[in-house]
Amino acid sequence: MSKKIFSGVQPTGNLHLGNYLGAIKNFVDLNNDIQNECIFCVVDLHAITIKQDRDQLTNNIRETTATFIASGIDPTKSIIFNQSKVHAHAEGSWILSCLAPMGWLNRMTQFKEKAGKDKEKASVGLYIYPILMASDILLYDATHVPVGEDQKQHLELTRDIAQKFNKDFNCDDFLKVPEPLIKKSFARIMSLKDGLKKMSKSDPSDLSRINLTDTKDEIINKIKKAKTDSFPIPNEEKKLIDRPEAENLLGIYSSISNQTLDKTLNEFGGKNFSDLKRDLAEILSNKISPISNEIKKLINDQGYLDKVLLQGASKAEEIAGKKIEEMKNIIGF
Ligand code: TYM
């Protein structure tokens, strides 16, 4: 069955292995199936919910675009664009924010994590960020949204908002209720320094993550320094309980090798972490270094990246512009 795929990535720099294994690798697989219609968005309006440096933001928009392409997304077989170039996203977000109850937003755990202790100082944009995400998805009638585990709650909110719009305006099925595509395993890659913390671009320690722009030597060094525990590697999954660092490294190995955790446990059960780390560093550098090299090459071709984004925005505008007009008509504007 053909799927309409929509997903987004924030251009906030330091795209990492979590973004790749949790999301971008799946974008590539979905894009390789010619039956699917794929739209991948560089969500720059989301990025400014936290203060950004002007020049860095511009560079990061290009770098995220380069990362999509370097990872294997074909811009001739998908739409790649940046969100701020298509007006309908912000307009749709306003409309949807007028019908989403605050109670729904108050439940969002990511806002609580990102706002930290001083919620009063967080921007209103950070608070309503999941509504902009709903607008992104619903404007394209997306049927499937590939994301990492941390976006699950936002997708549930998107589904609720779509259903409320359809009910409030008595327009059954106008906004399509999307299905999340979250991998059953390895959808949450953890920090290399703390197996209980998500791998994240905002972690102050660069050793906590493998960046998609890291060199081979940096990857080897980071895996060498990754936290482990003092027990040998088990051969059964149930023995990984309370061993988050071991589970994370074995999960990363399984995900990057496209194999089950069981198979990895068979391979490494009873061995030392030094064996796992040696093989993991090798497979990661073999997979990530070509992407990293390609990103660096593409970044130097600004004209090409800008052209991809411009052409993508024009195609996205056609779809989203039509949907927002229909939405406004339903409301009575
Ligand atoms: P963002 O930019 O934080 O992350 C991009 C994608 O990477 C996934 N991800 C992870 N997956 C596994 N392990 C990790 N440690 C990890 N860290 C990040 C995220 O789940 C995401 O899929 N709100 C979104 C962007 C967005 C969006 C959308 C996504 C805006 N509009 C519409 C889908 C559809 C975000 O901030 O992702």
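Key figures for this structure:
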read-out	value
ASN221 being out of contact with any Phe, Trp or Tyr (no Cβ under 6 Å at 6 or more places or on another chain), within 15 Å of the ligand (Cβ to nearest atom) and not in a loop (DSSP other than H, G, I, E, B)	no
Total residues in the range 113-138, condition more than 10 Å from the ligand (Cβ to nearest atom) and not aromatic (Phe, Trp, Tyr)	15
Residue within the range 161-184 that is out of contact with any Gly (no Cβ under 8 Å at 6 or more places or on another chain) and within 19 Å of TYR253 (Cα to Cα) present	yes
The range 31-46, subset assigned to a helix (DSSP H, G or I) and buried (at least 21 other Cβ atoms within 10 Å of the Cβ), residue nearest to the ligand (Cβ to nearest atom)	HIS46
Options ASP242, ASP214, ASP173, ASP229: the member that is under 20 Å from the mean Cα position of the chain (by Cα) and acidic (Asp, Glu)	ASP214
Residue tally, condition buried (at least 19 other Cβ atoms within 10 Å of the Cβ), of a type in the set (S, T, N, Q) and more than 8 Å from the ligand (Cβ to nearest atom), over the range 1-29	1
Residue list for the range 141-184, restricted to those being in contact with a His (Cβ under 6 Å, 6 or more places away or on another chain) and either under 14 Å from ILE330 (Cβ atoms) or buried (at least 17 other Cβ atoms within 10 Å of the Cβ) (or both)	LEU181
Failed condition for ILE50, given (1) within 12 Å of the ligand (Cβ to nearest atom); (2) touching a residue at least 40 places away in the same chain (Cβ under 8 Å); (3) in a helix (DSSP H, G or I); (4) open to solvent by 30 Å² or more (accessible area, probe 1.4 Å)	(3)
Candidate set: the range 185-212, residues that are within 12 Å of the ligand (Cβ to nearest atom), in a loop (DSSP other than H, G, I, E, B) and polar (S, T, N, Q); chosen: the one least open to solvent (accessible area, probe 1.4 Å)	SER191
The range 314-333, residues that are open to solvent by less than 80 Å² (accessible area, probe 1.4 Å), part of a helix (DSSP H, G or I) and not polar (S, T, N, Q)	ALA316, GLU317, ILE319, ALA320, GLY321, LYS323, ILE324, GLU326, MET327, LYS328, ILE330, ILE331
Helices (runs of 4 or more DSSP H) within the range 229-313 that include 2 or more residues open to solvent by 40 Å² or more (accessible area, probe 1.4 Å) and touching a residue at least 12 places away in the same chain (Cβ under 8 Å)	261-268, 273-299
Single unsatisfied condition, ILE223 versus (1) open to solvent by less than 10 Å² (accessible area, probe 1.4 Å); (2) under 30 Å from SER93 (Cα atoms)	(2)
Which listed residue, of ASP141, ASP172, is without any contact (Cβ under 8 Å) to a residue 12 or more places away in the chain and either within 8 Å of the ligand (Cβ to nearest atom) or within 26 Å of GLU318 (Cβ to Cβ) (or both)	ASP172
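Conditions tested, residue by residue: (1) farther than 30 Å from ASP214 by Cβ; (2) part of a loop (DSSP other than H, G, I, E, B); (3) open to solvent by 70 Å² or more (accessible area, probe 1.4 Å).
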| site | (1), (2), (3) |
| --- | --- |
| THR76 | no, yes, yes |
| ILE80 | no, no, no |
| SER84 | no, no, no |
| ALA90 | yes, no, no |
| LEU105 | yes, no, no |
| GLN110 | no, no, no |
| LYS117 | yes, yes, yes |
| GLY125 | yes, no, no |
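Let's see how each residue does on (1) in contact with a helix residue (DSSP H, G or I) (Cβ under 6 Å, 6 or more places away or on another chain); (2) more than 21 Å from HIS154 (Cβ to Cβ):
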position	(1), (2)
LEU15	yes, no
TYR20	no, no
VAL43	yes, no
ASP55	no, yes
ALA88	yes, no
ALA100	yes, no
GLY103	no, no
ALA115	no, no
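The values are calculated or read from the model by the stated rules, or taken from the named source; none is laboratory data. No experiment lies behind these values; they were computed from the predicted model shown. Methodologically, a virtual Cβ is constructed for each residue, glycine included, from the backbone with ideal geometry; neighbour enumeration extends over all protein chains shown. Calculation scope for accessible area: heavy atoms of the full protein, side chains included, ligands and nucleic acids excluded. Shrake-Rupley method; radii C 1.70, N 1.55, O 1.52, S 1.80 Å.
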